């Protein structure tokens, strides 16, 4: 199997007021925020455009379930289907079913601390 994680795809966290939080980070840190947070663009090791997402979520979001933690990391991966099969064989808890969108495939796992980890096989060109 190729390299599993290729980079940080995003950092998502719970907050009382996502709009106020986005505005604060935009004003004080200069993040170019939109309704979802902020996208950071960079080049991968092959020189291709790649993106990492930063997003505050409402504190009562169900998206992080079954984790009760205040954050969720998203890792960029290669060949998500193969990776999920390997992780399952290794005894890693898989959460839900893989989902496919025009901007990539998503799968979810739990780490030993109960943190939900989102795995993303991106299609970065869908954002340009």
Show me the ranking of peptides 114-121, 90-97, 48-55, 2-9 by mean Cβ neighbours inside 10 Å, starting with the highest.
114-121, 48-55, 2-9, 90-97
Rounded to the nearest 10 degrees, what's the angle between the helix 80-89 long axis and the longest principal axis of the chain, both from Cα atoms, 0 to 90?
60 degrees
Projected onto their principal axes, the Cα atoms of the stretch 1-65 stretch, largest extent first, over whole-Å spans of 40, 30, 14
Can you give the helix-only mean residue ellipticity at 222 nm for the chain, where every DSSP H stretch with n ≥ 4 adds -39500 (n - 2.57) and the sum goes over all residues, rounded to the nearest 500 deg cm²/dmol?
-5000 deg cm²/dmol
The stretch 73-112 versus the stretch 1-68: alpha-carbon centroid distance in Å:
18 Å
In degrees from 0 to 90, rounded to the nearest 10, what is the angle of the helix 18-29 Cα long axis to the longest principal axis of the chain?
70 degrees
Where q = 0.09, 0.16, 0.23 Å⁻¹, what log10 of I(q)/I(0) comes from the Debye formula for the chain, counting one point per Cα?
-0.27, -0.85, -1.42
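Taking 0.36 nm per residue of sequence separation and subtracting the Cα-Cα distance, how much length would be gained by fully extending the chain between residue 63 and residue 115, in nm to one decimal? Intermediate results must be reported in sequence, preceding the final value.
Values: separation 52, 0.36 × 52 = 18.72 nm, distance 1.22 nm.
Contour length minus Cα-Cα distance gives 17.5 nm.
Rule-based calculations on the coordinates, nothing more; no lab input. Here the structure is a predicted model, which is why all the values come from computation and not from measurement. All Cβ positions, glycine included, derive from the backbone under ideal geometry; neighbour counts span all protein chains shown.
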